Amino acid sequence: MSSGADLATSYPSLAAVPRARLARFLAGMPKTVLHLHLEGSLEPELAFALAERNGVEPGSDAFPYPDLEALRAAYRFDSLGAFLDVYYAVAGVLRTEQDFVDLAAAYADQLIANNVRVAELFFDPQTHTSRGIAFSTVAQGLWQGLERARHAGVRVQLIASVLRDAPVGTVSDMDGVSAEQGFATMEEATGWATLGQLLDYQSTAAPERRIIGLGLDSYEKPFPPELFLGIYERAHAQGLLTTAHAGEEGPPAYVWTALRRLKVSRIDHGVRSTEDPRLLEHLARPHDAAHIVAAYGEPHRVPLTVCPRSNFMLQVFPDPTASNLLELLDAGVLACIHSDDPAYFGGYATDNYLAAVEWLDPSLAQLHQLARNGVQSAWLSAADKAPLLAELDAYFGEADALLGGGG
Ligand code: ADE
Ligand code: ZN
């Protein structure tokens, strides 16, 4: 394979490429999606359609947006918390299995349209089980909707995320819990009860519809990862792979504890890691611990799934040109580009690459590296990644023809 560095010397600067041509190049580029909340792909039009189907009155307490314009106007966030307030309010229109089918089918179309080859997607069970919806209703609906992406050849997996601001509960919450049940309140839908439901779901799910991993998301501060130590230990023991949001708004210490105590094999966001040189060094080195080898089949670096448009929209980097994505890359960190909550942050996979190119002016070699890092960061063996990397390298081998010439 030719290295990205070789390519950089022989191809035009991306800055000189007309925008439409660059957008076409990025759209056609094979991609990996590893940081995507399915609830965050709920577009306003579909939210209103589901509200109507479910008899939820726009402008009521249950869905406090009288019309599309009011909802769109709410999409101005000054923090993660301000965004999540809207995200949870809108997710309340998801009620029936068909709603989850429709949500996931719409996102499956985006996977296909964005030339995504591998997708490991989050959903938030407690957002729904705390409203009386059964875990299995959510999971089965999502799988049904995602089926069309699988038919189109996308490798799709699901990751169930625990909400860090919801009650953790105790291990006894797993006793007798069933995936077929919902809860009356968030107080009942604890982290432990959710793990119990996940494991119950796994025991009856068809192998191709099992959930691959556990994640941790929602309001980051003041909920450090170590609150979830017991849940993660049990998840590992049950063969789940793990990731956690950390270092989005929270400090580098949250990244350390996710790595060292929760033993995650991926970090979501993690952009504040550049504040701690020792952490950067740690991320830049492969590790051979059992949980890393379980995720990648070999010693591996722990990736950071960076989301450029999210970081801009949530004012993690109010000036998007100040994003540290390329700094992470230069430090040898396995950083890659993802979309987080595309319906809220103005774009799907291709749009996030386009934003990174516009804001950060990477070289073609860096772009190639970022796309390769996406493949390398997937929970796949080296053998499974090899054809994906080869396809990507062949695509960049054509970059001269695809990017050069007149506009
Ligand atoms: N849930 C959905 N999007 C999230 C994000 N960007 N950070 C934390 N939790 C989330
Ligand atoms: Zn996220």
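The values are calculated or read from the model by the stated rules, or taken from the named source; none is laboratory data. In this text, all values refer to a predicted model and were calculated from it rather than measured experimentally. Cβ coordinates were reconstructed from backbone atoms using ideal geometry, including for glycine residues, and neighbour counts include every protein chain displayed. Note: areas computed on protein heavy atoms with side chains; ligands, DNA, RNA excluded. Shrake-Rupley method; radii C 1.70, N 1.55, O 1.52, S 1.80 Å.
Quick notes on this structure:
- Accessible area per residue in Å² at 1.4 Å probe, computed on the chain: 36 Å²
- Summing Cβ point charges (Lys, Arg +1; Asp, Glu -1) relative to the Cα centre of the chain gives a dipole of roughly 940 debye.
- For Ala119, nonlocal amide neighbours, meaning residues 5 or more places apart or on other chains whose placed amide H falls under 5 Å from its own, are Val33, Arg155, Val156, Gln157.
- In this structure, the amide hydrogen of Asp165, modeled 1.01 Å from its nitrogen in the peptide plane, lies closer than 5 angstrom to those of Tyr219, counting only residues at least 5 positions away or on a different chain.
- Max mean-square fluctuation residue, GNM over the chain, Cα-Cα springs under 10 Å, options Gly55, Gly230, Gly81: Gly55
- Each residue of the range 171-184 was assigned a 3J(HN,Hα) from its phi angle through the Karplus expression (A = 6.51, B = -1.76, C = 1.60, θ = phi - 60°), giving 4, 5, 5, 7, 4, x, 6, 10, 5, 7, 10, x, 10, 7 Hz with x at Gly and Pro.
- Largest GNM mean-square fluctuation across Ala15, Ala189, Ala335, computed for the chain with C-alpha springs under 10 Å, falls on Ala15.
- Between the range 129-172 and the range 84-110, the alpha-carbon center distance in angstrom: 11 Å
- On the chain, 51 percent of the accessible area sits on carbon and sulfur atoms, based on a 1.4 Å probe.
- For the chain, calculated [θ]222 nm from helices alone, where every DSSP H run of n ≥ 4 adds -39500 (n - 2.57): -13500 deg cm²/dmol
- The accessible-area ordering, largest first, of the residues Thr194, Thr185 stands as Thr185, Thr194, per a 1.4 angstrom probe.
- Counted charge near Leu334, where neighbours are those whose Cβ lies closer than 12 Å (Asp, Glu -1; Lys, Arg +1): +4
- Backbone amide hydrogens, once placed in the peptide plane, bring Arg266 within less than 5 Å of Ala244, excluding anything fewer than 5 places away on its chain.
- Among Ile133, Ile267, Ile337, the largest mean-square fluctuation in a Gaussian network model of the chain, built with springs joining Cα atoms closer than 10 Å, belongs to Ile133.
- The heavy atoms of Lys263 offer some 90 square angstrom of accessible surface to a 1.4 angstrom probe.
- Listed by chain and number, the aspartates and glutamates placed with their C-alpha closer than 14 angstrom to that of Lys263 are Glu226, Glu233, Asp288; residues fewer than eight positions away on the same chain are left out.
- Surface accessible to a 1.4 Å probe, Thr350 within the full protein complex, Å²: 20 Å²
- Span-like helix ranges in the chain, DSSP H, alpha carbon extent 20 angstrom or more, Kyte mean at least -0.5: 97-113, 135-151, 191-204, 382-397
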